[in-house]
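Asker: Here's a structure for you.
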Amino acid sequence: MKYNIEEIMSEHEYAYPNEMGGYLLHGGLDKDGEYISPRTLKRWEAVESWKSRLLDQGYSLIDGSTDLLKYGNYPNIPQAKYLLNLSLGKFLWDSLTVTGVIEARGQALAEITAPDFQKIIVEDISETAVAHMNSGLFIAHGFDEGGDPNSKKGAHDQMWFAARDLLFGKKAFPEPDIPESLARPQEGAEMPQIPVEYEGIISLLMNVLMIEIRAESFFSYTMELASSPDVFKDNRVNANLASEMISRIQKDEAIHVAYLAVIISELRSFTFKTLEGKEIIGAEFIDPIWDKMVTWHGKINIEESKAISSKNFENLLQKNQTSNTRVKEFHSLAD
């Protein structure tokens, strides 16, 4: 269960390139036209091997599903359709644009080097996902998100822009404001048992996993909107292509959720050497922070964002309405 960086980064043989919306993108199609994600010739095999090892040892895998999210996307599907059919689609164009820009930032993962966890873990970790963070897992993830700088092919950033352009056009609306970060804010050390550089990587892993889980919810949401026959009625061919493009991103992101869930689960199972010279099971100091991470990403941040967005939608509808009913109609479609 040891893999080198060349194996983790290895690609399938593609019969056709991944091209859509004027963009040349990573991955490719097989002879039957089915999409194959980049850098997954051995990566999926490796992650499944590490997961099986963990489960065979009697440990559990943390939940990496959208069940962790207390709320769905806002506006919901009926509200989104209501806005789109009023030609008020900037909210979706903005979301697709912001997602693409944030994905581009994800390339920074390829530049991260994790500290040697074997130095603070009692058990041998050589045949685990934790030991392979610097052996291709971070680089592959970063290249998936923001692209391989040595390639002319776009990655998830451009795939989101392609979906946006297919739905609305490249310059349909002014550029939106881009948030500085999607990570849970943190003040001070939350894992004082271990050195700060190790805590930083564990917090990064948990934040990125929750961001990926929130993205999974957005995939389903945008694909449902793009493929619905009652919106984008004059642009159905391109809208269906946009839905297909997003499904390809979704397929790519599955390996990210899988390996991050395995790494965090492995870390929970290990025995750590503390700064005080004692030993502690990872779950004892990881689980409380994971619970905070889930609560912030799955509830608190969504509630805060919804409060702001709701007021913005009310102002937009009041500005564009021909009667006094649009705000009420919009809210009547709430879950």
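Any read-out appearing in this document is the output of simple, stated calculations on the displayed coordinates, not a laboratory observation. Everything quoted here is computed from the prediction, not taken from an experiment. So basically every Cβ, Gly included, is an ideal-geometry build from the backbone, and we count neighbours across all protein chains shown.
Asker: Please give me the summed charge of the neighbours of Ile302: other residues whose Cβ is under 11 Å from its Cβ, Lys and Arg +1, Asp and Glu -1.
Answerer: Around Ile302, the charge tally is +2.
Asker: Provide the gained length on full extension for the span Lys319 to Asn134, in nm with one decimal, where the gain is 0.36 nm per separating residue minus the Cα-Cα distance.
Answerer: Full extension from Lys319 to Asn134 adds 61.4 nm.
Asker: Return the whole-Å distance between the Cα centroid of segment 262-325 and the Cα centroid of segment 158-175.
Answerer: Going from one Cα centre to the other spans 28 Å.
Asker: Right, next: When we measure straight from the Cα of Lys171, which aspartates and glutamates land under 13 angstrom away, once same-chain ones fewer than 8 places off are left out?
Answerer: Leaving aside aspartates and glutamates fewer than 8 places away in the same chain, those within reach of Lys171 are Asp94.
Asker: Using helices alone, I'd like the mean residue ellipticity at 222 nm for the chain: each DSSP H run of four-plus residues gives -39500 (n - 2.57), total over residue count, nearest 500.
Answerer: After summing the helix terms and dividing by residue count, I get -16500 deg cm²/dmol.
Asker: Calculate the length of the line joining the C-alpha centroid of segment 90-136 to that of segment 51-70, in whole Å.
Answerer: Computed from Cα coordinates, the inter-centre distance equals 18 Å.
Asker: State, to one decimal in nm, how far the label point of Val122 lies from the label point of Thr66, with both points 7 Å from Cα in the Cβ direction.
Answerer: For the pair Val122/Thr66, the computed spacing is 4.1 nm.
Asker: To the nearest 10 degrees, how steep is helix 236-269 against the longest Cα principal axis of the chain, on a 0 to 90 scale?
Answerer: 20
Asker: Dipole of the chain, Cα-centred, from +1 at each Lys and Arg C-beta and -1 at each Asp and Glu C-beta, to the nearest 20 debye?
Answerer: For this selection, approximately 1220 debye.
Asker: With unit charges on the beta carbons (Lys and Arg positive, Asp and Glu negative) and the dipole taken about the Cα centre of the chain, which residue among Ser217, Ser10, Ile77 sits farthest to the positive side?
Answerer: Ile77
Asker: Limiting things to C-alpha atoms, what are the Rg and the maximum Cα-Cα separation (Dmax) for segment 5-332, in angstroms?
Answerer: Values for segment 5-332 (Cα only, Rg and Dmax): 21.4, 71 Å.
Asker: Specify which residue in the list Ser65, Ile139, Leu267 is farthest towards the positive end of the charge dipole of the chain, using unit charges on the beta carbon of Lys, Arg (+1) and Asp, Glu (-1), about the Cα centre.
Answerer: Final value for the positive-end residue is Ser65.
Asker: Same structure again: Treat each spin label as a single point 7 Å out from the Cα along the C-beta direction, and report the Thr271 to Arg53 distance in nm.
Answerer: 1.8
Asker: At Glu244 and Asn85, where each label point lies 7 Å from the Cα along Cα→Cβ, what is the point-to-point distance in nanometres?
Answerer: According to this spin-label approximation, the distance is 2.7 nm.
Asker: Have a look at Ala307, Ala162, Ala104 and tell me which one the Gaussian network model of the chain (Cα, springs below 10 Å) gives the largest fluctuation.
Answerer: Highest fluctuation among the options: Ala307.
Asker: Put +1 on the Cβ of each Lys and Arg and -1 on the Cβ of each Asp and Glu in the chain; which of Val122, Gly298, Ile281 then has its Cα farthest toward the positive end of the dipole?
Answerer: Looking along the dipole axis, the top candidate is Gly298.
Asker: Under 8 Å for C-alpha pairs, at least 6 residues apart: give me the relative contact order for the chain, rounded to a whole percent.
Answerer: With pairs under 8 Å counted, the relative contact order is 23 percent.
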